[in-house]
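Report on the structure given below.
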Amino acid sequence: MQIGVFLPIGNNGWLISTTSPQYAPSFELNRTVTQAAERYGLDFVLSMIKLRGFGGASGYWDQNLDSFTLMSALAAVTSRIQLYATVPILAVPPAIAARQAMTIDNISGGRFGLNLITGWQKAEYAQMGLWPGEAHYGQRYDMLTEYVSIMQALWTTGRCDLKGRFFTMEDCRLGPLPSRPIPMIAAGTSDPGMAFAAQCCTYNFCTGQGAINDPRDSAANVARLRQATAAAGTQVQALALTMVIADETDAAAEAKWQHYVAGTDHEALAWRVAQASGDANPTANSHSLHLRKATPLPNGGSKLIGSYATIARLLDEMAEIEGLAGVMLTFDDFRIGIEQFGQRIQPLMRSRQNALQAA
C-alpha cells in the first residue's frame, strides 16, 4: 500500500481548534516533513491550495503558501519521492498550469503530478473577481474536462487549438515536453466527480464519512470508484485520506484528541458550512453536502487515534480494502507525527515491509 503525506501548507494543518498545535506554514516546515517522508520510504507528498481561510478564533487557514512554488522548491531538495501540487482551475489558466507542471517535472526528474480542484468556496474566488456565478456548481466538471484536455494536448504534442465552451486556444504552444505523462489526481465524491476522475485521472481521493478507528470508512466510496472505472474502461486507483493521532498508549492518544475537541473553533466551522451552502442543488455524495452534514469536530474526516501498534494494525486493515492503492496521512503535529510514523508505526505494518526495506 502506498503512503503519502498531505503537507501542512495552511496554518494549523487539519485541526480546526484553538487547543491543537498552532503554527504558521513555512517552507522550512514542509521541507522537514517532506525530507523525513522520503527518508522513511514514503511514496508521495501533496500540497493543497487555499486562497481564503475560515477565520474564527484560530484564524484557520488564513495563512497559506502557494502550492506550485512550494512543490518546485521541494523538488530541488528531494530525489525520490513523488510530488503533487494543486491547481485551482478558476484562478490559473490551463496553459499556464501545463507550463508550471512541465517545469516542475523537469526540476524533479519526472516525479511531479497534479491535483485538480474545481472550487466550491465562493469567497476564495469572489475576492479576486474570479467567481463565475452560481452556474459553476452545475458545470464545473464540464469545465474541468476541457481544462484537462488542453493540458494533455500541450504535454503530448506541444500544441493546442481547442475552441471550447469555457476555453479558447489560438495555436497555443508548449515546450519542452514533460518527461512522462503527468499523473493527475482528483477528489470528486459526487457521481459527476467520480465519472470525471474515472475518465481522466490516475488517482481519485475516496474520502470516508469521518469515523474514528474504522479502517473501512472509505470502503463504500472506493467501491463506487471501482464501478465508475469499470464503466469507463480505465484503471484509475483510489487513495484514502486519514488523520493519525498517535502516542505510546491508546489512552494517551485519545486524551490528545479530547483536548483538541475541547478547543473546537465553532466560528470557523460555521463559516465553512455557510460557504458549502452556496450550492443550492448539491448532488448526492458531494463535498459541499458532506460539509453541511458533518458533526462539528476539529477534524471531520477519517481519523486513526491510538498507540503506535493500534495505528499500524488499522492501516494494515485499510490496505485490505479491495481497490485501495494507498493512504494520504495528516498528523496533529507534523514534525512529531512524521517521525512517529517512520520510527514507531511503519516498522509494525505488514503492508509496508517492502517500502521499509527500501528505506
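The values are calculated or read from the model by the stated rules, or taken from the named source; none is laboratory data. None of these values were measured; they are calculated from a predicted model. Please note: Cβ atoms are built from the backbone with ideal geometry, for glycine as well, and neighbour counts cover all protein chains shown.
Considering every residue within region 202-214, establish whether at least one is at pLDDT 95 or above, farther than 24 Å from T283 by Cβ, assigned to a loop (DSSP other than H, G, I, E, B) and not hydroxyl-bearing (S, T, Y). Within region 202-214 (the criterion being at pLDDT 95 or above, farther than 24 Å from T283 by Cβ, assigned to a loop (DSSP other than H, G, I, E, B) and not hydroxyl-bearing (S, T, Y)), the answer is yes, since at least one residue qualifies. Taken over region 182-200, the criterion of being among the β-branched types (V, I, T) and either in contact with a Lys or Arg (Cβ under 9 Å, 6 or more places away or on another chain) or assigned to a helix (DSSP H, G or I) (or both) is satisfied by T189 alone. Contact list please: Cβ distance under 8 Å, first residue in region 132-149 and within 14 Å of G278 (Cα to Cα) and among the aromatic types (F, W, Y), second residue surrounded by fewer than 18 Cβ atoms within 10 Å (Cβ to Cβ) and at pLDDT below 95, pairs at least six apart or on different chains. These pairs meet every condition: Y137/G278; Y137/A280; Y137/N281. When G10, G59 are checked against the criterion of being in contact (Cβ under 8 Å) with a residue 40 or more places away in the chain and closer than 18 Å to L329 by Cβ, a single residue qualifies: G10. Scanning region 7-26 for residues that are buried (at least 22 other Cβ atoms within 10 Å of the Cβ) and in contact with a Leu (Cβ under 8 Å, 6 or more places away or on another chain) returns L7, P8, I9, I16. Residue check: I245 meets all listed conditions (1) surrounded by fewer than 22 Cβ atoms within 10 Å (Cβ to Cβ); (2) closer than 29 Å to S17 by Cβ; (3) at pLDDT 95 or above but one, namely (1).
In this structure, is T86 in contact with a strand residue (DSSP E or B) (Cβ under 6 Å, 6 or more places away or on another chain) and closer than 23 Å to S26 by Cβ? Judged against the criteria, T86 is a match.
The set of residues in region 147-168 being surrounded by fewer than 19 Cβ atoms within 10 Å (Cβ to Cβ) and touching a Leu at 6+ places or on another chain (Cβ under 7 Å) consists of S149, G158. Mind checking whether some residue in region 42-64 is under 23 Å from E267 (Cα atoms) and modelled with pLDDT under 95? No, region 42-64 has no match at all. The helices (runs of 4 or more DSSP H) falling completely within region 255-359 that include 1 or more residues that are among the small types (G, A, S), in contact with a helix residue (DSSP H, G or I) (Cβ under 7 Å, 6 or more places away or on another chain) and modelled with pLDDT of 95 or more map to 308-318.
Filtered by the rule that a residue be touching a Ser or Thr at 6+ places or on another chain (Cβ under 9 Å), touching a residue at least 40 places away in the same chain (Cβ under 8 Å), over 18 Å from R165 (Cβ atoms) and not aromatic (F, W, Y), region 84-101 gives a lone residue, T86.
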